[in-house]
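Accompanying notes for the structure given below.
What follows is calculated from the coordinates using simple rules that are stated; it is not laboratory data. Here the structure is a predicted model, which means the values were calculated and not measured. Here Cβ is always computed from backbone atoms with ideal geometry, including for glycine, and neighbour counts include all displayed protein chains.
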Amino acid sequence: MSSTDLSLLGIPGFVNLDYAATAPCLKAAADAVNELLPWYGSIHRGAGALSQRCTREYEQARQTIGDFVGARAEDHVIFTRNTTDALNLLAHCLPRGTTVITFGGEHHANLLPWHYPVRLPVPSSPGEAIRSLGQALAVNFQTDVLVSVTGASNVTGEIWPIAELAQIAHRHGARIAVDAAQLAPHVPIDLSALGIDYLALSGHKLYAPFGTGVLVGRSDWLDAAVPLTKGGGATARVGDATHDVRWATGPARHEAGTPNLLGAVALAKVCATLDAADRQALFDREQRLLARLREGLSEIAGLEELRMFGRDARRIGVVSFAVKGRDSAQIAEILGQKYQIGVRDGLFCAHPLARRLLGEASVRAGWEGVPATALRASIGLGTTEADVDALIHALAAELNAPHDALLLESALSR
């Protein structure tokens, strides 16, 4: 198998269009895990061959992932469970009194961890996001300030102007954190070039569903904070007295307990494989599939795409759409059972944004007074034109079929 083999594990005959929730496993990641399993042992806790091999693999994985996102020499790469875990860790590590500024268009992972954040309105364009942040930062907060934004929306797929937002933040002496859970699988990221101070991502979005994620970023706040999780491996010394503890510096400070070695190795293998691939060619291919999907959906009566920005805004392979007068959960179930197609229904763990966009889509489509619910289709490395066409044909067939309006009323009352 070549270093750029991008084949995925999957079920034959099943059309997976739910990459934004959890991406299938890259075969190379599964192979790397299986190769290491006979050597599985403790990390940083032994002189034996197993421990030494596993420690080396773990720290090499940290370096590989840091390289993948353009981490600076002084940055920490801390292994976490996922993006949500990483952003909660960052929230815990903020200096006391830090002002956090975010937007109303965030996933819950970047909406809920912050203590009384300044939440800016959902912007109608990338330019408005930049202007809105500039106006917010013009206030003299007299505290440390962290701006925390998504790299790409998990609802609409629209890519946010993170380089420009970082420039605005730094101009006002603020730092910026980016939720890259959706962006990292689709677009190369370079913390140094983009001016990002902190970045969080999940392995399970990035073809490595082995239960790990990372927080990457500047070391000073992370080394100054008492660990969120306290235990073995996070300490330099523990004395006899109750509070006689000296915490470790570096990533170990926030990695107490036995770490997820297999998750780290799997994620690093994906990062190395993607780094060896032609990312621009992969992005171009995805954009062609995305255009085919959006065009097909636009031709089906009773559907309206959800979006914050203009229709031509730059985006990754994620499309959510409102369904007129139907229960999206019922439709998703039919797609799964009858057509073997997997999509996501609901509010996508971004409830304020999804509700707002559903309302706006209904107005654009002229559906005032008619309830609407949402579905999301998302594509990735394994998606084909046949997959896209299968969804379009299935939706067209089912939305033209008779349905029970009482099912929608039941869904909306939940």
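Each Lys or Arg adds one and each Asp or Glu takes one away; over the other residues whose Cβ falls under 13 Å from the Cβ of residue 122, this sums to 0.
So, with +1 on the Cβ of K and R and -1 on the Cβ of D and E, and no other charges, what is the size of the charge dipole of region 258-360 about its Cα centre, to the nearest 20 debye? All intermediate terms of the calculation are to be shown ahead of the outcome.
Details: 16 positive and 13 negative charges, 18 e Å.
Dipole of region 258-360, to the nearest 20 debye: 80 debye.
As a proxy for reagent exposure, 99, 242, 229 were ordered by neighbouring Cβ count within 10 angstrom, fewest first; the result is 242, 229, 99. For region 279-412, the convex hull spanned by the alpha carbon atoms encloses 112 Å³ per residue. The label point for residue 370 and the one for residue 235, both projected 7 Å from the Cα toward the Cβ, are 6.5 nm apart. A Cβ-based charge dipole, computed about the Cα centre of the chain with Lys and Arg at +1 and Asp and Glu at -1, lands at about 660 debye.
When a footprinting reagent is the concern and you count Cβ atoms within 10 Å, what order do 77, 145 take, fewest first? Please report the intermediate quantities before stating the final value.
On the way: 77 23, 145 20.
Lowest to highest Cβ neighbour count: 145, 77.
Let a ≥ b ≥ c be the square roots of the eigenvalues of the Cα gyration tensor of region 119-267; is it rounded (a/c under 1.5), or, if not, prolate (a/b larger than b/c) or oblate? Provide the component values of the computation, followed by the final result.
On the way: a/c = 2.92, a/b = 1.45, b/c = 2.01.
Here region 119-267 falls in the oblate category.
Of the cross-linked pairs 205/269; 205/230; 230/269, those separated by over 18 Å at the C-alpha level are 205/230; 230/269.
When region 1-144 is described by a simple charge dipole with +1 on each Lys and Arg Cβ and -1 on each Asp and Glu Cβ, the residue from 80, 34, 95 located farthest towards its positive end is 95.
Between residue 338 and residue 5, the simple spin-label model (points 7 angstrom out along Cα→Cβ) gives 3.9 nm.
Spatial offset of region 258-303 relative to region 317-382 amounts to 20 Å, using the alpha carbon center of each. Contact order for the chain, expressed relative to its length and based on alpha carbon pairs under 8 Å spaced 6+ residues apart, stands at 22 percent. Considering only 283, 247, 302, and ranking their Cα positions along the charge dipole of region 218-355 that arises from unit charges at the beta-carbon of Lys, Arg, Asp and Glu, the one farthest toward the positive end is 302. A simple rule links phi to the HN-Hα coupling: the Karplus curve 6.51 cos²θ - 1.76 cosθ + 1.60 with θ = phi - 60°, which for region 238-243 gives 10, x, 6, 6, 4, 9 Hz, with x for Gly and Pro. Of the residues 284, 220, 244, the one that moves most in a GNM of the chain with alpha-carbon contacts below 10 Å is 244.
If I take R0 = 51 Å and measure r between the Cβ atoms of residue 400 and residue 53 in this structure, what FRET efficiency does the formula 1/(1 + (r/R0)^6) give, to the nearest 0.05? Mind showing how you got there, number by number?
Working: r = 59 Å, r/R0 = 1.15.
Efficiency, rounded to the nearest 0.05: 0.30.
Tell me which trypsin sites (Lys or Arg not before Pro) from region 241-349 have a DSSP coil assignment and no more than 10 other beta carbons within 10 Å of their own.
Values: sites: 246, 253, 269, 279, 285, 288, 292, 294, 307, 311, 314, 315, 324, 326, 338, 344; in loops: 307, 311, 314, 326.
Counting only loop positions with at most 10 other Cβ atoms within 10 Å, the trypsin sites (Lys or Arg not before Pro) in region 241-349 are 311.
May I ask for the distance between the Cα centers of region 21-44 and region 216-241, given as a whole number of Å? So the separation of the two Cα centres works out to 27 Å. Amide H contacts for residue 147 (H built 1.01 Å from N in the peptide plane; partners 5 or more residues away or on another chain; cut-off under 5 Å): 101, 175, 176, 177.
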